[in-house]
Amino acid sequence: MREKGKKCGQAGFTLTEILIVIVLIGILVGLTVPRYLRTTTRAKATEAKLMLKEAYNLQRAYYYEYDVYAGDLDAIGFEQERLKTEGGNARYRVEIVSVSDTGFVIQATSVIDFDKDGTMNVWTINQEGILTQTVAD
């Protein structure tokens, strides 16, 4: 006896089977997208870490030469790459946020909201070379 709606010898999928497959694919995509976003955000944070390490090394070299920490990035020779918002490639703006006789803090603030939640990613480095994510995106 043949199934209703099928001709003899003709194979195919029912609408229910196709809908189940589509729902399963949707669930799998829903599970993987957040992980993908976290992974890409971490990869983009590597840019901030590299720029902060460069600024740290320049600041330390400046200190060894002049016995004080510099108050601006130009003095230490750090060149900020053009930002994405200005047609460049950099996703982070680097700035010296505090300087004293005994230390400094340099900060990298994202100019792009990676996960579109209104919070920008912020990393800092101090005179000890300690990298800290102060605001997670």
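None of the figures in this text is laboratory data; all of them are computed from the coordinates on show. Since the structure is predicted, the reported quantities are computational estimates derived from the model, not experimental observations. Every residue, glycine as well, gets a Cβ built from its backbone with ideal geometry; the counts of neighbours run over all protein chains shown.
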Across the chain, what fraction of all alpha-carbon pairs, as a whole percent, falls in each successive 5 Å bin from zero upward? 2, 9, 15, 15, 12, 9, 7, 5, 4, 4, 4, 4, 4, 3, 2, 2, 1, 1, 0
Cα convex hull volume per residue for region 53-92, in Å³, equals 64
With a 10 Å Cβ neighbour count serving as the proxy for reagent exposure, in which order, fewest first, do Thr102, Thr124, Thr119 appear? Thr102, Thr119, Thr124
Whole-angstrom gap from region 19-47 to region 111-130, using each part's C-alpha centre: 22
Give me the percent relative contact order of the chain, please, defined on Cα pairs under 8 angstrom at least 6 residues apart. 17
When the charge dipole of region 15-135 is computed with +1 at the Cβ of Lys and Arg and -1 at the Cβ of Asp and Glu, the Cα pointing farthest to the positive end, of Phe78, Ala108, Tyr63, is that of Ala108
For the chain, give the magnitude of the charge dipole about the Cα centre (Cβ charges: +1 Lys/Arg, -1 Asp/Glu; no others), in debye to the nearest 20. 1500
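Would you please put 13-21, 106-114, 77-85 in order of how densely packed they are, using the mean number of other Cβ atoms within 10 angstrom per residue and starting with the highest?
On the way: 13-21: 10.1, 106-114: 19.6, 77-85: 13.9.
Ranked from most to least packed, the peptides come out as 106-114, 77-85, 13-21.
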